[in-house]
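Q: Below is one structure. I have some questions about it.
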Amino acid sequence: MGILLGAPIWYGNRPFKKTIEELYKLELDYFEFSLDYPLPDCMAESEREELNRLLEEFNLKIGFHSPLDTVVAHPRDEIANASMRILRNCMEFSAEFLPRTLYYNFHLHPRVPTYKLEDVRQQIKLKGLKRCGEITELASEFGITVCVENDLVPFEWSDLILEALSRFYPNLQFTFDVGHAIKAEMCHPRKIKKKDGSYLDYLTRWIEKCGSKILVAHVHDCSLTEKRDHLSLGSGELDFDRIFDLLKSTPSKYLLIEAFWKNTAKKKMDYTELGRNVELCRSYL
């Protein structure tokens, strides 16, 4: 089986039936369903049954993105414990769609202002590794594949994810977000190299360190000058010939077109533009 191509769906894409029909017309293989509030709790049993029926009718697969406010590695145990309860409920929901469920994706680094301090990062790392162990056990309990995604954190500060993958792979796999890897360095100007094409160095470091553990790749364009990501492919400044060469050197199985904006002015994507992105990705695969 070749790489499966998908697009994201979130709460704002209601009615879901219409959105899924549009993605089917683009001949996508799957979609990644974001479980941000009030999902999945707001979905009645009839709506869950309809979603499963649509997956079967259109022969689509589904991936899941954990809620962005589930800070499972937060250094305050009260916050982390509450997040783990939410994550468990969301994982249980994602298991309702087996065998069409491909993976469950989550973020790990908490947005804590003191994260820049080395001693705080070490505390968070220890707590985060413990939580990762618990998450992989949950995934095994529900029979789903779980992936951790790189955040907007510089590579040098990402030892939590790197060690988690080293310790728990293959029970924990990797979602590599191309734009996050680039923007994480752009948000820290002292790290920016001045030579042309330096963003490829940032991607290459991730590929060399944990490319063999990549299951899912998130692709979108970036404006290096305006520090914007999640742009439609071709509307930023990235060289996708080079980027797809890097991605094809990994064993990734799923490619998500995670473009929310048509251009740097943040004009929203439409299905025509998404279709252009789909064809562009297919030309590389």
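FYI, it's all coordinate maths here, none of it is from the lab. Keep in mind it's a predicted model, so treat the numbers as computed, not measured. Cβ coordinates were reconstructed from backbone atoms using ideal geometry, including for glycine residues, and neighbour counts include every protein chain displayed.
Q: Given Cβ point charges of +1 (Lys, Arg) and -1 (Asp, Glu) and nothing else, what value in debye, to the nearest 20, does the dipole of the chain about its Cα centre take? Before the final figure, lay out each step's value.
A: Details: 39 positive and 44 negative charges, 169 e Å.
Taking the Cα centre of the chain as origin, the dipole is about 820 debye.
Q: Which residues does the label zone of N52 cover in the range 70-106, counting backbone N under 14 Å from a point 7 Å along Cα→Cβ?
A: Hits in the range 70-106 for N52 at 14 Å: 92-101.
Q: What pairs from K183/K209; K61/K268; K17/K267; K227/K266 go past 20 Å between their alpha carbons?
A: K61/K268; K17/K267
Q: If you average the C-alpha positions of the range 226-285 and of the range 5-37 separately, how far apart do those two centres end up, in angstrom?
A: 17
Q: Report the one residue of S235, L138, I161 whose Cα lies farthest in the direction of the positive end of the charge dipole of the range 129-285 (charges on C-beta: Lys and Arg +1, Asp and Glu -1; origin at the Cα centre).
A: Sorting the options by dipole projection puts first S235.
Q: Next up: Based on DSSP loop calls and a cut-off of at most 10 other Cβ atoms within 10 Å, the longest stretch of the chain free of exposed trypsin sites (Lys or Arg not before Pro) is what?
A: Counting at most 10 other Cβ atoms within 10 Å as exposed, the longest clean stretch of the chain is 1-193.
Q: Further, regarding this structure: In whole percent, what relative contact order does the chain give with Cα contacts below 8 Å and a gap of six or more residues? Please report the intermediate quantities before stating the final value.
A: Details: 472 pairs, mean separation 44.9, N = 285.
Relative contact order here is 16 percent.
Q: Would you mind telling me the antiparallel percentage of the DSSP bridges in the chain, rounded to 5?
A: Values: 3 of 35 bridges.
Close to 10 percent.
Q: Between K227 and L280, take the C-beta separation as r, use R0 = 30 Å, and let me know the FRET efficiency to the nearest 0.05.
A: Calculated transfer efficiency: 0.85.
Q: In addition: Which length gain, in nm to one decimal place, applies between V120 and D159 when the Cα-Cα distance is subtracted from 0.36 nm times their residue separation? Present the calculation step by step, with values, prior to reporting the outcome.
A: Numbers: separation 39, 0.36 × 39 = 14.04 nm, distance 1.29 nm.
Taking V120 through D159 to full extension adds about 12.7 nm, to one decimal.
Q: List the chymotrypsin sites (Phe, Trp or Tyr not before Pro) within the range 218-285 that DSSP assigns to loop and that have no more than 16 neighbouring Cβ atoms inside 10 Å. Show your work: numbers first, answer last.
A: On the way: sites: F240, F244, Y254, F260, W261, Y271, Y284; in loops: F260.
Counting only loop positions with at most 16 other Cβ atoms within 10 Å, the chymotrypsin sites (Phe, Trp or Tyr not before Pro) in the range 218-285 are F260.
Q: Write down the Kirkwood hydrodynamic radius of the chain, to one decimal in angstroms, obtained as one divided by the mean of 1/r over all alpha carbon pairs.
A: When all Cα pairs of the chain are included, the Kirkwood radius is 19.4 Å.
Q: Net charge within 13 Å of G12 by Cβ-Cβ distance, Lys/Arg positive one each and Asp/Glu negative one each, not counting G12 itself? Walk me through the numbers on the way to the answer.
A: On the way: positive: R14, K18, K268; negative: D36.
Local charge sum for G12: +2.
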